[in-house]
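A short write-up of the structure that comes next.
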Amino acid sequence: MKVQRVDMFVCPMAAPADTSGLQELADSGRIKPDTLVALVGKTEGTGAHDDWGRVWADVAMREWTAGFLGIPVGDVAKRVIFVFSGGCPGVITPHIAAITREWVEVPESHAGGDKRLVVGRAGSDPIAPEEVGRMGQIRKVAEGTREAMADAGLDDPRDVHLVMVKVPGLTVASIRDAELRGKSVVSHDLTFGPEGAGAYANDAAALGVALALGEVPESSLSDEVVRRNWDLYSEVAMTSSGGEKRHGEIVVFGNSVNSQSALHIGHAVTKDFIDAQGVRDALRVAGLKFRDGLPDEADLSRLVHVFAKSVIPGSDQIRGQRITLLDDTDAYQIGKALGGMLVASVTGRTTNYVSGGERNSHQGPPGGNIVAAVVRTA
C-alpha cells in the first residue's frame, strides 16, 4: 500500500525575493520537483491588502518554482500552493517553509501504528469580489477544504490540526469591477480594521473551514453573521488575504496512521493575548518533552515549526486589567508583534509563522488564538 511521507524545511529570507534557501534545498536534493506541494511563509512589508513585500515575494517564488518544476509560471498554482502572510513586526523573522510530500510503498503489515503528519492541498473556484466576506466565499473555501482533506487522506475532522488558507482581498480595481457589473461589495474599507474588507475576507475563509470540518453548521451561517457572531469560529483555521489572489489556496495538515512521516503536528488554543501556557500546550500536544513545566531545552531541537494567530481581542480588558491597544493607531502591527514575542519567548526562536493583527476574528474563540506546532518524532 502507498502512504505519505511529509517533510518541512524552514528557510530564513534576507529579502522578499530571496530564493537562496530554496535553491540550497533543491541543490542538496532535499526538495524535488515531484515532491514540493506548498510554500508557506512570512514576508516583510506592511501586511496590508497591497503589501509590496508579500506581492514581490509571491512573484519571485512563483518564478523560482516554475523554473524548478520546469513549467510555465501560470501553471504553478496547479502544482504548488502558496500561503504568504505579510508583515514581520517585532521579532518575526521573514521565512519560507517548504513542504514536501512523497508517496512510498509499504507492506500491508506496516499499516496502522502511531499517527504521523500528512498534508493535503486544494485550490478553490475563483472568488468574485462580490463574494469576498460573504456566503459565496464561505462555501467555496469549505469545498476547497474538503478537497484538501481528501487529498491528505483525512476523513475525520479530529485528525485535522491546521488549515491554512489564502484568499482574495478587495482592491480598488476589484471593487470597481463588481460595481460596474451591478454588484455590491462587503466593504469599501481596504484595511484590516473592524469593518475592513481584509478582516471580512479572512473571517469568511475561517468560517468556510469551520463549515467543512463541522465546527459550525451551515444553518447558522449567512452574510450577516460574518464579523458579527463571535460564537461561530474554527479552532484550526489560519487565514489571510491579498489583492494578488483570485481564488483560495488551501493547505490542510493533520495526522494519520497512513503516514511514514518523521513529523507530528498538534495544536492548542490560547485563552487570551498573553497566554504562554497555550503555546506550551501546543508544543506538548505535538510531542515535545517538558521539564518543570517548560519545554525541555535538550528537546527543542526537534521542533520544526510553529504556526500561530495573533488576533487583537475585542475587549480593552485582559485578566481584569485595562489595556490601551484598541486605541492605538498602530494596533494592527503591534498585535502581530506581540504574538511573535509570545511564541518566541517559549520556543527560543524567531522563525515562527505568526499571522494576525485583526480585531476579533472567527479564527479561534473570542479572546483566544490558535497555535499549531510541528515536531520531529526522532
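Taking first residues from the stretch 144-157 that are surrounded by fewer than 21 Cβ atoms within 10 Å (Cβ to Cβ) and partners that are of a type in the set (D, E, K, R), the Cβ contacts under 8 Å between residues at least 6 apart in sequence or on separate chains come to 151/121; 157/215.
If you go through the stretch 337-355 and keep only what is touching a Leu at 6+ places or on another chain (Cβ under 9 Å) and not β-branched (Val, Ile, Thr), you end up with 338, 348, 349. One residue stands out in the stretch 192-209 among those that are out of contact with any strand residue (DSSP E or B) (no Cβ under 6 Å at 6 or more places or on another chain) and surrounded by fewer than 24 Cβ atoms within 10 Å (Cβ to Cβ): the one that is modelled with the lowest pLDDT, namely 193. For the stretch 347-360, the set of residues classified as surrounded by fewer than 24 Cβ atoms within 10 Å (Cβ to Cβ) and either at pLDDT below 95 or among the basic types (Lys, Arg) (or both) consists of 347, 348, 349, 359, 360, listed by residue number.
Condition check for residue 7 on (1) of a type in the set (Asp, Glu); (2) assigned to a loop (DSSP other than H, G, I, E, B); (3) within 25 Å of residue 238 (Cα to Cα): one failure, at (2). Looking at the stretch 175-191, can you tell me whether even one residue there is in contact (Cβ under 8 Å) with a residue 60 or more places away in the chain and either in contact with a strand residue (DSSP E or B) (Cβ under 6 Å, 6 or more places away or on another chain) or among the charged types (D, E, K, R) (or both)? No - not one qualifying residue is present in the stretch 175-191. Hey, does the stretch 170-181 have a residue that's hydroxyl-bearing (Ser, Thr, Tyr), in contact with a helix residue (DSSP H, G or I) (Cβ under 8 Å, 6 or more places away or on another chain) and under 24 Å from residue 79 (Cβ atoms)? Checking the stretch 170-181: not a single residue is hydroxyl-bearing (Ser, Thr, Tyr), in contact with a helix residue (DSSP H, G or I) (Cβ under 8 Å, 6 or more places away or on another chain) and under 24 Å from residue 79 (Cβ atoms). Taken together, 99, 92 contain a single residue that is in contact with a strand residue (DSSP E or B) (Cβ under 7 Å, 6 or more places away or on another chain), more than 24 Å from residue 255 (Cβ to Cβ), aliphatic (A, V, I, L, M) and modelled with pLDDT of 95 or more, which is 92.
The values are calculated or read from the model by the stated rules, or taken from the named source; none is laboratory data. Everything numeric in this text was worked out from a predicted model, so none of it was measured. Note that we place each Cβ from the backbone using ideal geometry, even for glycine, and neighbour counts take in every protein chain shown.
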